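Structure first, commentary second.
Throughout, read-outs are computed from the coordinates displayed, never taken from laboratory work. Since the structure is predicted, the reported quantities are computational estimates derived from the model, not experimental observations. We place every Cβ from the backbone using ideal geometry, glycine too, and count neighbours over all the protein chains shown.
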Amino acid sequence: MKNNNIRLFIVLSAVGGIGLLFYAKQHISDTGSNTGNSLYLAHCASCHGPLGKGLRNLYPSLRKNPYLSTKISELPCLIRQGVKGKIITEKGTYNQLMPPFKTFTSAELLQLISFMQQCWSSSSTTELTPNVIEQWLDSCPHE
Ligand code: HEC
């Protein structure tokens, strides 16, 4: 009887230990490799919210935003140049300032945009490449 209890204890500990390892591995790869999410949280979430929902008529929502589907080719330039002046969207009119993020590299833009596209795009997503981002940046409108 006593022996059985010990055996049970060992089995349960082993199962728990393995479970914990899996959890830790998952958790580390979630936070460690997900640069796009980190970039979003560090640079965009303060206005557009951690879940991209925006804020009233001040900051537009990025969820199902056309910039993540039909207008995605304009997104790298928008981020690099910021937005000023009144904009009219399907969701309403906004007239605040979005600062330009001039120092983002094309690699960072790729990570950031891929993250937002995977999470919030309304259309099925195509995988972006560094080349595509570079091309889009080459055709930024002049400020
Ligand atoms: C200081 C606040 C602020 C930060 C930080 C910010 N934005 Fe914005 N963003 C705005 C505002 C305000 C607008 C709307 C501009 C206006 O009112 O003219 C906007 C507009 C946008 C739009 C266009 C939305 C539409 O429907 O037309 C996109 C896309 C966007 N931001 C993405 C981003 C991303 C990506 C980041 C991070 C790199 C970011 N923003 C960081 C305030 C911010």
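Worth pointing out:
- Straight-line cross-link reach from Lys84 at under 12 Å between alpha-carbon atoms covers these aspartates and glutamates, not counting any fewer than eight positions away in the same chain: Glu143.
- Measuring between alpha carbons in the structure, the pairs from Lys71/Lys91; Lys71/Lys102; Lys53/Lys102 lying more than 18 angstrom apart are Lys71/Lys102; Lys53/Lys102.
- Extending 7 Å from the Cα toward the beta-carbon at both His43 and Val83 defines two label points whose distance is 1.6 nm.
- Residue order, fewest to most surrounding Cβ atoms within 10 angstrom, among Met116, Met98: Met98, Met116
- Kirkwood estimate for segment 35-138, i.e. one over the average of 1/r between Cα atoms, Å: 13.8 Å
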